Amino acid sequence: MVRTRPIVVVALLAATALGAFIVWHQSRATQEEGEAGAPEPTPIVAGTVKSGPVPIYLRGVGTVIAFNNVVVRSQITGPLIKVSFRQGQAVHKGDLLAEIDPRPYQAQLDQAIANRERDKAQAVNAKANLDRYVPLLAKGFATQQLVDTQKAEVAQLEAAVKGDEAAIENASINLSYTKLVAPIDGITGIRQIDEGNIIHPTDANGLVDLTQIQPISLIFTLPETTFVDIQKQMAKAPVKVFAYSQDDKVRLDEGELLLIDNQINQTTGTIRLRATFPNAERLLWPGELVNVRLLLRTEPNGLTIAAGAVQQGPQGAYVYVVGPDQAVQLRPVHVAQINEGQALIDSGLKAGETIVVDGQYKLQPGTLVKQLQGEAAREANMQSAVQQALP
């Protein structure tokens, strides 16, 4: 009996220690599970809703049209003895482009001048005879018929002189046509007739096509619903128009709205407009298809965010807004326009609010987030761009 009591005591102590260990282990496991179950904040790139002046654009597509386009033709027929321009050369009004053999037309002019001098001499002689016959008529030494005949001869010769003057003018004009000059400032196209060939007024393509490109015009279309707004702005001040490349990345020139067409196209529901551009750098070329932005007005206190922050859902556009507790909430918004990476927000946001710019695919309403800064934010933006570029 004496030996049994120590054994029982030892067994009770061992059981107590085992129970304490089990309780501690379970408590530790529960604590670790709780810590493991707490979600880590999702890293995102954030931005701020900004307020300031925002230009409002109307966008369309247009075609560049030359203000003037002239086919240089000959007014006379003759061999082309000289071509004085290079294809694609910029020329000014009055510059010599080509020359036709002038000798036949010079000869015609010389002959007309000779005929005039002959008729003038005859007219002088006839006038002198008339001056002699009139006093003789008064003395009875000449008949009335002789005087009248002489008067008629004087009038005939004077008329012949006037005809000779007209012939001289005509010959001079034809001689001037032997020099083909530029009627406008412009750029020459492809030469249609080579030196040494006979040129005719009836040649279909003439000598060369001459196109004015400075200034130049642009015809484009916009929805007819914009007509009233544009008309009001034109009444206030000149309306600016910007021409961009087809990929919308390069601004080609800045111009001014010239006119609105006098009719609305009922079939397409659009209006045609024409703008003029100085085209100093010659980036606009006749026939070129370009994107057009018409500056309608400037919104003084427009709200803008990075365009990448705007997401599309079944109910329309939305953004994730970061709250003071760093939890995000989905906020429906209305986007008025997107221009150069910035979205203009009509409703749904307030100035100064923090929104998620990148990392939205990981988020749900209520998700806790951690805002990346500096280099980490730039790397996240780069990774996002790469993922979007992948097929």
*Using the charge dipole of the chain (Lys, Arg: +1 at Cβ; Asp, Glu: -1 at Cβ; taken about the Cα centre), state which of Thr268, Pro55, Gln87 has its Cα farthest towards the positive end.*
Pro55
*Under 16 Å Cα to Cα from Lys127, which aspartates and glutamates show up? Leave out anything in the same chain fewer than 8 places away.*
Glu117, Asp119, Asp148, Glu153, Glu158
*Of the cross-linked pairs Lys240/Lys350; Lys350/Lys370; Lys139/Lys162, which ones have a Cα-Cα span greater than 24 Å in the structure shown?*
Lys240/Lys350; Lys139/Lys162
_Distance histogram for the stretch 79-212 (every C-alpha pair counted, 5 angstrom bins, percent rounded to whole numbers)_ = 2, 10, 13, 12, 11, 8, 8, 7, 6, 5, 5, 5, 4, 3, 1, 0
*Would you grab the residues whose amide H sits under 5 Å from the one on Ala317? Only those 5+ places off in sequence or on another chain, please, with H modelled 1.01 Å from N.*
Val333
*Positive dipole terminus of the chain, leading residue within Phe220, Pro102, Tyr177 (C-beta point charges)*: Phe220
*Stick to Cα atoms and the Kirkwood definition of Rh, then tell me Rg/Rh for the chain.*
1.49
_About the Cα centre, charge dipole magnitude for the chain (Lys/Arg +1, Asp/Glu -1 at Cβ), debye_ = 680
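Only Cα pairs under 8 Å and at least 6 apart count here; give the relative contact order of the stretch 102-177 as a rounded whole percent.
Result for the stretch 102-177 is 53 percent.
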_Compute, for the stretch 102-177, the length of the dipole vector about the Cα centre, with Cβ point charges of +1 (Lys, Arg) and -1 (Asp, Glu) only. Units Debye, rounded to 20._
200
*In the structure displayed, which of Lys120/Lys179; Lys82/Lys179; Lys93/Lys179; Lys50/Lys249 lie more than 21 Å apart, Cα to Cα?*
Lys120/Lys179; Lys50/Lys249
*Amide H neighbours of Thr42 under 5 Å, at least 5 residues apart or on other chains, H built in the peptide plane: list them.*
Leu368, Val369, Lys370
*Hey, which aspartates and glutamates would be in cross-link range of Lys232, C-alpha to C-alpha under 20 Å, not counting anything within fewer than 8 residues on its own chain?*
Glu224, Glu256, Asp261, Glu299
*Can you give me the pair-distance distribution of the stretch 60-145, C-alpha pairs, 5 Å bins, whole percents?*
3, 9, 10, 10, 9, 8, 7, 7, 6, 6, 5, 5, 5, 4, 2, 1, 1, 1, 0
_Based only on other Cβ atoms within 10 Å, what is the fewest-to-most ordering of Lys370, Lys350?_
Lys350, Lys370
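Is the stretch 217-311 rounded, prolate or oblate when judged by the Cα gyration tensor, a ≥ b ≥ c being the square roots of its eigenvalues, rounded requiring a/c under 1.5 and prolate requiring a/b larger than b/c?
Details: a/c = 1.45, a/b = 1.09, b/c = 1.33.
Because its axes are fairly even, with a/c under 1.5, the stretch 217-311 counts as rounded.
Net charge near Val134, counting Lys/Arg +1 and Asp/Glu -1 over other residues with Cβ under 15 Å of its Cβ?
+1
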*asked:* From the gyration tensor of the Cα coordinates in the stretch 180-219, what semi-axes in whole Å does the equivalent ellipsoid have, largest first, with each one equal to sqrt(5λ)?
replied: 24, 10, 9
*Could you give the DSSP H helices of the chain that reach 30 angstrom or more along their long axis (alpha carbon positions) and whose average Kyte-Doolittle hydropathy is no lower than -1.0?*
4-37, 103-139, 144-176
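For Ile198, Ile187, which order do you get if you count the other beta carbons within 10 Å of each Cβ and list the fewest first?
Ordered from fewest to most neighbouring Cβ atoms within 10 Å, Ile198, Ile187 come out as Ile198, Ile187.
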*Going toward the positive end of the dipole of the chain, with +1 on Lys and Arg Cβ and -1 on Asp and Glu Cβ, which of Ile338, Ala123, Asn279 do you reach last?*
Ile338
_Relative contact order (%) - criterion: Cα under 8 Å, at least six apart; region: the chain_ = 26
*What FRET efficiency, computed as 1/(1 + (r/R0)^6) with R0 = 56 Å and r the Cβ-Cβ distance, is obtained for Thr42 and Asp185, rounded to the nearest 0.05?*
0.30
_Neighbourhood charge, 9 Å Cβ-Cβ cut-off, centred on Val181 and excluding it, Lys, Arg +1 and Asp, Glu -1_ = +1
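All of the numbers you see were taken from the coordinates with simple rules; none came from a lab. Keep in mind the model is a prediction, meaning the values are calculated, not measured. Quick reminder, even Gly has a Cβ in these numbers, built from the backbone with ideal geometry, and neighbours come from all protein chains shown.
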